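Trainee: Attaching a single structure in structure tokens format; questions to follow.
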Amino acid sequence: MRKWFYLLLCFLPMLSCVGQKDDPTPELRLVADLTAINVTAGEFATFTVYSGAEDVTAYAAIRNLTDGTSLEGNVFAPAEAGEWSFAATLDGTESEPVTVTAIVISDEGKDFFRRSLVLDFTGTWCVNCPKMEAAIEESMAARPSRIVPVSVHCMAVDPMYVKPLSDNLVKQFSVKAYPSAVVDLDPESLITTQSPELLLSHVDRLLEARGPAAGIRAESKVEGDQYTLAVEMKAVRDGSYTLAVLVLEDGTVAAQTGGAKDYVHNNILRSWTEGESLTVKEGDKASGTFTGTVTAKSRFVVLVLRDGLVDNVIGCAAGASVDWQYEEDND
């Protein structure tokens, strides 16, 4: 009996191992946050490597299977369009491949979206000035997104008057009556009649005469009351170009003759800064950086002037950016 008992004790360890295997190696996975990248917009893919649920990116190697190179770090930022496959390796184990596709969105054959600038020469002392403002608003409704209004407050009795900027603009366009409006800085477009039809006739005339316009993109940064605005333009024809940045202010309450005591004034011109004149060839780009002061109510208008007239214009909120805009995207 004892003999059988001892034999059983000897076999128990062997029996306890029957049917048992070592724990399986956790699956190695490669994950990309983006698998479709827009190179034009500066996008890139960031990889993460997992062993089971554990993030092992810091210990794994990521290989570009398409060209046979190893990725430095875990970020892939292609410079051109194409398709690439990647795999991660760790301790002799390789993940399933991940494919990343990059595209380049070209503006070839696409017209940039065109806008017109309307300078409204106004004043809080001017009884008919609200009627011109109403005509501009009606024109903007008739041509959605096409018109960018700027209010130039004139005469020192107006609390929003900016000296000598307002006086210089009045002199430049020979403004002698109020209200008056000028389209795209063209002296021949000066009108004193508060008529949306007359204003639109000048807007349409100048847009048609201009044809395809330069593209504009801008990026603004604001720290305290200081701003930095980086502007880039792309010419669609040879010419002499100037970049300009206007700082506008909205939501200022001041009594208005012909209006109310608590009249809300918007689009108020506070500053106008121009860069140097540049000779730019068709298809080429030019850029400029502008700095200055702003308030909590400020925003920007960016102009591209060609031979002294407005070639195109965009608006940009403080602390925001605006990319290239195209006609077909705004239909």
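Trainee: Those residues that are in contact (Cβ under 8 Å) with a residue 40 or more places away in the chain and not in a strand (DSSP E or B), I need them from segment 138-157; list them, please.
Mentor: Scanning segment 138-157 gives 138, 139, 142, 143, 145, 146.
Trainee: Say we look at segment 266-306 and pick out the residues that are open to solvent by less than 70 Å² (accessible area, probe 1.4 Å), free of Cβ contacts under 8 Å to residues at least 60 places away in the same chain and under 19 Å from the mean Cα position of the chain (by Cα); which of these is nearest to residue 153 (Cα to Cα)?
Mentor: Only one residue tops the list, namely 299.
Trainee: Could you give every pair whose Cβ atoms fall below 9 Å, whose first residue belongs to segment 26-42 and is under 15 Å from residue 85 (Cβ atoms) and open to solvent by 60 Å² or more (accessible area, probe 1.4 Å), and whose second residue is in a loop (DSSP other than H, G, I, E, B) and among the aliphatic types (A, V, I, L, M), counting only separations of at least 6 or pairs across chains?
Mentor: Filtered contacts from segment 26-42: no entries.
Trainee: In a helix (DSSP H, G or I) and surrounded by 19 or more Cβ atoms within 10 Å (Cβ to Cβ): which single residue out of 169, 119 fits that description? Explain how you work it out, then say what you get.
Mentor: Numbers: 119 fails: in a helix (DSSP H, G or I).
Only one candidate passes the filter, namely 169.
Trainee: Right, another one. What number of residues in segment 148-166 are open to solvent by 10 Å² or more (accessible area, probe 1.4 Å), on the phi < 0 side of the Ramachandran plot and not charged (D, E, K, R)?
Mentor: Adding up the residues that qualify gives 10.
Trainee: Checking residue 175 against (1) part of a helix (DSSP H, G or I); (2) over 24 Å from residue 211 (Cα atoms), which single condition isn't satisfied?
Mentor: (1)
Trainee: Tell me, yes or no, whether segment 307-317 has at least one residue that is in contact (Cβ under 8 Å) with a residue 12 or more places away in the chain, within 24 Å of residue 168 (Cα to Cα) and open to solvent by 60 Å² or more (accessible area, probe 1.4 Å).
Mentor: Yes - at least one qualifying residue is present in segment 307-317.
Trainee: Determine if segment 256-264 includes at least one residue that is part of a strand (DSSP E or B) and open to solvent by less than 60 Å² (accessible area, probe 1.4 Å).
Mentor: Looking through segment 256-264, none of the residues is part of a strand (DSSP E or B) and open to solvent by less than 60 Å² (accessible area, probe 1.4 Å).
Trainee: Quick one: count up the residues across segment 276-301 that are of a type outside the set (A, V, I, L, M), in a loop (DSSP other than H, G, I, E, B) and farther than 24 Å from residue 111 by Cβ.
Mentor: 4
The values are calculated or read from the model by the stated rules, or taken from the named source; none is laboratory data. Note that the structure is a prediction, hence the values are computed from the model and not measured. Cβ sites come from the backbone with ideal geometry, for glycine too, and all protein chains shown count toward neighbours. Keep in mind that these areas ignore ligands, DNA and RNA; they rest on the heavy atoms of the full protein, side chains included. Shrake-Rupley method; radii C 1.70, N 1.55, O 1.52, S 1.80 Å.
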